[in-house]
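Structure record follows, encoded as structure tokens.
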Amino acid sequence: MPYEPRLTITPKILDNMVGITEKLTMANLNRKGSKLPQLRRANRLRSLHSSLAIEGNTLSIDEVSAIIDGKTVIGPHREITEVKNANSAYEMMDSFDPLRKDDLLEAHRVMMDGLVDHAGSFRTGSEGIFDGEGNCIYLAPGPELVPLMMDNLLEWLMVPDYPMILKTCIFHYQFEHIHPFEDGNGRVGRLWQTLLLSKIDDSFEWIPVESMIRKYQKEYYESIDLSNRTGDCTVFLEFMTGMILDALGEFAESTVSIECGETLKGSEAALYAMIRDGYYVNIEQAAKQIGVSRPTLNRCLRSLKDRGIITKEGNKKSGIWKITEQGWTPE
């Protein structure tokens, strides 16, 4: 039977989806001309550290960074292996096709190599979620059902029934619901959602959604549990679209350092990037793309002009805004 998710598109989900669209625009503007290798490394590091910390890995972000750099770190062997494996899996992300089961199995093999006996294979035993007293609060589908359920889920990704960003959240929930592996379901599920998101907009390659999940880890598990209990993933979708929105908002507020030593943030950084890269046409267009009001955009223009970062060439109505010599981003 083809997979058909049970959900309700609530006002909260709709608001989050609108916000995600707006923040994606700002995120794309802010990253133009930025030092992407450094940005990618910093946010990839946060993704790795956060996703493993959710699963109980106690290594600090500095220790994770050192391991990735090939340095010797004193710590539990299993946790060091988790870091090395996760880094390898994320580094391979561009080579994975998110719709191919074999690629998903390979991602699990890399992620869990040396950590479980059957890395890269679906589980053959029963799996459940237990509370602090050892009581089973959720029993995953039987192992005999897993291959077909995963086939149906991956095939459903190609069905044009919901916006793709929302589908990545539905996939994340259903993946955890199926619990296809004996271990590593959480970290592989988060990796696969990041992969799916990156195919929608490559900005997501630099946006550590995992760090927001870790920040709200209790709510993350509660939303999965409640969705499992009701058989309806609406609660999880409200939570997860909110996490994507928050992660995008944090990324959109990323700073732009310029030659005169100033650091721009938020709307000013996005406006600066538009002017620098030749995308600024007029106030109405810029305000819409950045997601702010015209008065707010005007204030940003005046502020950048008064500080000598931008200047207008030509007449008042048809002139063109330019970056000044002191306003250029240093190489």
| task | Measure nothing but the geometry: give the 0 to 90° angle between the long axis through the Cα atoms of 266-276 and the longest principal axis through the Cα atoms of the chain, rounded to 10°. | result | 60
| Sequence-distant residues sharing a close amide H with Ile310 (under 5 Å, placed H) | Lys305, Thr324
| field | Given charges at Cβ of Lys, Arg, Asp, Glu: the chain dipole, positive-most of Tyr216, Asn85, Gly186 | value | Tyr216
| message | Nearest 10 degrees is fine. How inclined is helix 77-91 to the longest principal axis of the chain, computing both from alpha carbons? | response | 60
| query | How far, in nm, would the chain grow between Thr124 and Asp202 when pulled straight, counting 0.36 nm per residue and subtracting the alpha carbon separation? | reply | 24.5 nm
| Roughly how large, in nm² to one decimal, is the mean projection of the convex hull of the alpha-carbon atoms in the chain? | 19.3
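Suppose every Lys and Arg Cβ carries +1 and every Asp and Glu Cβ carries -1, with no other charges. What dipole size does the stretch 267-323 come out with about its Cα centre, to the nearest 20 debye?
On the way: 11 positive and 5 negative charges, 42 e Å.
With only Lys, Arg, Asp and Glu charged at Cβ, the dipole is about 200 debye.
Sort 18-25, 92-99, 311-318 for me by packing, meaning the mean count of neighbouring Cβ atoms within 10 Å per residue, highest on top.
Values: 18-25: 18.1, 92-99: 14.5, 311-318: 8.8.
Output ranking for 18-25, 92-99, 311-318: 18-25, 92-99, 311-318.
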| said: Using Cβ counts within 10 Å as a stand-in for footprinting exposure, how do Ser227, Ser65 rank, fewest first? | reply: Ser65, Ser227
| Hey, what number do you get for the chain at 222 nm if only DSSP H runs of n ≥ 4 count, each worth -39500 (n - 2.57), divided across all residues, to the nearest 500? | -18500 deg cm²/dmol
| task | Kindly express, to the nearest 10 degrees and within the range 0 to 90, the angle between helix 185-200's C-alpha long axis and the longest C-alpha principal axis of the chain. | result | 40
| query | Using a ≥ b ≥ c from the Cα gyration tensor of the stretch 267-323 (square roots of the eigenvalues), is it rounded, prolate or oblate, where a/c under 1.5 gives rounded and otherwise the larger of a/b and b/c decides, a/b for prolate? | reply | rounded
| query | If amide H atoms are built 1.01 Å from N in the plane of the peptide, which residues on other chains or at least 5 residues away come under 5 Å of the amide H of Tyr138? | reply | Ile129
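Just so you know, all these numbers are worked out from the coordinates, no wet-lab data involved. Values in this document were obtained by computation on a predicted structure and should not be read as measured data. Here the Cβ is made from the backbone with ideal geometry for all residues, glycine too, and neighbour counts use every protein chain on show.
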